[in-house]
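Please read through the structure below; I'll follow up with questions.
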Amino acid sequence: MESLKLIKKLVKRTGLVYCYYSMNKKYRSGYESFLLKQSPTIYANYRYRKIYNKNADLKNPTTSDEKLLWLNLYWKHPLKTECADKYTMRLYVQKHGYGHVLPEIFGVYNSVNEIDFGTLPEKFVLKCTHGCGFNIICDNKESLDIARAKRKLNRWMSTDYSMIAGELHYSGMTPRIICETFLDDLVSDLPIDYKIYCFYGKAHCILVVNGRDFSGHNVTSDFYDLEWKTQLPYFTSSLNTDRYTPRPESLDEMIEIAEALSKSFPFVRMDFYNIRGKAVLGEMTFTPGGCITNGYTTLGQTILGSLIVLPEKII
């Protein structure tokens, strides 16, 4: 109760933004949750200020981060929720005639108790459909700790993902679990991600996330142009490196499908895998990094921001 009184007092005096560092660490998580419930707009500025030491310009946004925050706050199109949900996205993709690029699905569950692990294949992926990173990746069912997996899934199923980083389109989703086939490219533990940045149906570039494994320690991220001739200097971590990822065989197919499915959106990142020469669509992402990616170069923020044409508000 005393912490809530402190928060309300600070809210009144500071406009909700500047009191973060004056609070005891144990109150910060509660403060952030309170802040988001009170005002998603001011919460967005709070997060932005922590990174850039200034408020986002949401009246005249220009950078990629500012425009993504604007879209998150002021463009609440129901199709965005439909396509970010990992189950209803499948229906959207199938409706547009591209069901063949979706991973094979073994089951859809409304609760953990509905899952019969004994009937699942030796390799599979369980995903909660209403958030990001809620995945159980099983490459050997014999070594899977099923009890631990169930505990994780139960925790995720009770989580409102929109309250983690203020990504508002997640709030309208029905929590489900889907079981998909384990994607094996025969090269690494986990396949390379090819994330195509699209703006009203026009692809601009591909973010390649490479080196993923179960340890999570060897990940690299690099931008390529659509012709795969140039690495674009959009990430600071890519500058002055000689990394190179070979062009995926299914790149043309990925781009064609990404552009077809993204026509309704001012921005969406279409996330693909190249599995044995075939394109596989993983998900559609509208708020990468929770709308704040501080690893971009100034050029990356500027160019990607310039490509986002803001629509009329839907609030």
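The values are calculated or read from the model by the stated rules, or taken from the named source; none is laboratory data. Predicted, not measured: the structure shown is a model, and the values here were computed from it. Heads up, the Cβs are rebuilt from the backbone with ideal geometry, glycines too, and the neighbour counts pull from every protein chain shown. These area figures cover heavy atoms from the full protein model, side chains too; ligands, DNA and RNA do not enter into them. Shrake-Rupley method; radii C 1.70, N 1.55, O 1.52, S 1.80 Å.
What's the FRET efficiency of ILE315 with ILE164 using the Cβ-Cβ distance as r and R₀ = 22 Å, to the nearest 0.05?
Taking R0 as 22 Å, the efficiency between ILE315 and ILE164 is 0.55.
Let me ask something additional. Excluding ligands, DNA and RNA, what is the solvent-accessible area per residue of the chain at a probe of 1.4 Å, expressed in Å²?
On a per-residue basis, 49 Å².
Right, next: Three principal axis extents, largest first, for the C-alpha atoms of the range 30-132, in Å?
If we take the Cα atoms of the range 30-132, the spans are 52, 36, 22 Å.
Lys and Arg at +1, Asp and Glu at -1: add these up for the other residues within a Cβ distance under 13 Å of LEU102 and post the number.
So the surrounding residues net to +1.
Continuing with this model, one more query. What aspartates and glutamates sit close enough to LYS80 to cross-link, taking a C-alpha to C-alpha distance under 14 Å and skipping anything fewer than 8 places away on the same chain?
Cα-Cα hits under 14 Å: GLU167, GLU283.
List the GluC sites (Glu not before Pro) within the range 80-174 that fall in a DSSP loop (any state other than H, G, I, E or B) and whose Cβ has at most 14 other Cβ atoms within 10 Å.
Counting only loop positions with at most 14 other Cβ atoms within 10 Å, the GluC sites (Glu not before Pro) in the range 80-174 are GLU104, GLU122.
So, one more: Considering only SER162, SER264, SER143, give the residue with the highest GNM mean-square fluctuation for the chain, with springs between Cα atoms whenever their separation is below 10 Å.
SER143
Indicate the gyration tensor shape class of the range 146-227 (rounded, prolate or oblate), computed on the Cα atoms with a ≥ b ≥ c the square roots of the eigenvalues: a/c under 1.5 is rounded; otherwise a/b larger than b/c is prolate and the rest oblate.
Oblate.
Between TRP75 and residues 5 or more places away or on another chain, which pairs have amide H atoms under 5 Å apart, with H built 1.01 Å from N, and which residues are they?
For TRP75, the qualifying residues are ILE314.
Suppose only helical runs count, i.e. DSSP H with n ≥ 4. What mean residue ellipticity at 222 nm does that imply for the chain under -39500 (n - 2.57) per run, divided by all residues and rounded to the nearest 500 deg cm²/dmol?
That calculation yields -9500 deg cm²/dmol at 222 nm.
Are there GluC sites (Glu not before Pro) in the range 249-315 that DSSP puts in a loop and that have at most 14 other Cβ atoms within 10 Å, and which ones?
GLU249, GLU312
Work out the charge dipole of the range 41-182 with +1 on the Cβ of Lys and Arg and -1 on the Cβ of Asp and Glu about the Cα centre, then indicate which of ALA84, THR159, THR62 is farthest towards its positive end.
Checked the options; the winner is THR62.
Take the residue pairs LYS67/LYS313; LYS127/LYS150; LYS141/LYS278; LYS59/LYS263; LYS195/LYS229; LYS86/LYS195 and return only those whose Cα atoms are more than 22 Å apart.
LYS141/LYS278; LYS59/LYS263
How big is D, in µm² s⁻¹, for the range 209-260 by Stokes-Einstein at 37 °C and 0.692 mPa s if Rh is the Kirkwood radius over C-alpha pairs?
Numbers: Rh = 12.6 Å.
Translational D for this selection: 261 µm²/s.
Return the carbon/sulfur percentage of the accessible area of the range 184-258, one whole number, probe 1.4 Å, all protein chains in place.
For the range 184-258, the apolar C and S fraction of the accessible surface comes to 50 percent.
Further, regarding this structure: Two decimals, Cα atoms only, Kirkwood Rh: what is Rg/Rh over the range 156-202?
Result: Rg/Rh = 1.08.
Might you report the magnitude of the Cβ-based charge dipole of the range 156-315 about its Cα centre, with Lys and Arg at +1 and Asp and Glu at -1, to the nearest 20 debye?
320 debye
List, in order, the whole-Hz ³J(HN,Hα) value for each residue of the range 237-253 obtained from phi through the Karplus relation with A = 6.51, B = -1.76, C = 1.60 and θ = phi - 60°; use x for Gly and Pro.
Coupling constants for the range 237-253: 6, 8, 5, 6, 10, 10, 5, 8, 9, x, 5, x, 4, 9, 4, 4, 5 Hz.
Using Cα pairs under 8 angstrom and six or more residues apart, how large is the relative contact order of the chain, in percent?
Numbers: 509 pairs, mean separation 63.9, N = 315.
For the chain, the relative contact order is 20 percent.
Which longest run of the chain has no exposed loop site in it, a site being trypsin sites (Lys or Arg not before Pro) in a DSSP loop with at most 15 other beta carbons within 10 Å, and the site itself not part of the run?
Answer from the scan: 124-228.
A further question on this structure: Tally Lys and Arg at +1 and Asp and Glu at -1 over the other residues with C-beta under 14 Å from the C-beta of PRO175: what net charge comes out?
+2
Count charges around ILE257 for me, please; just the other residues with Cβ under 15 Å from its Cβ, Lys/Arg as +1, Asp/Glu as -1.
Taking every other residue near ILE257 into account, the sum is 0.
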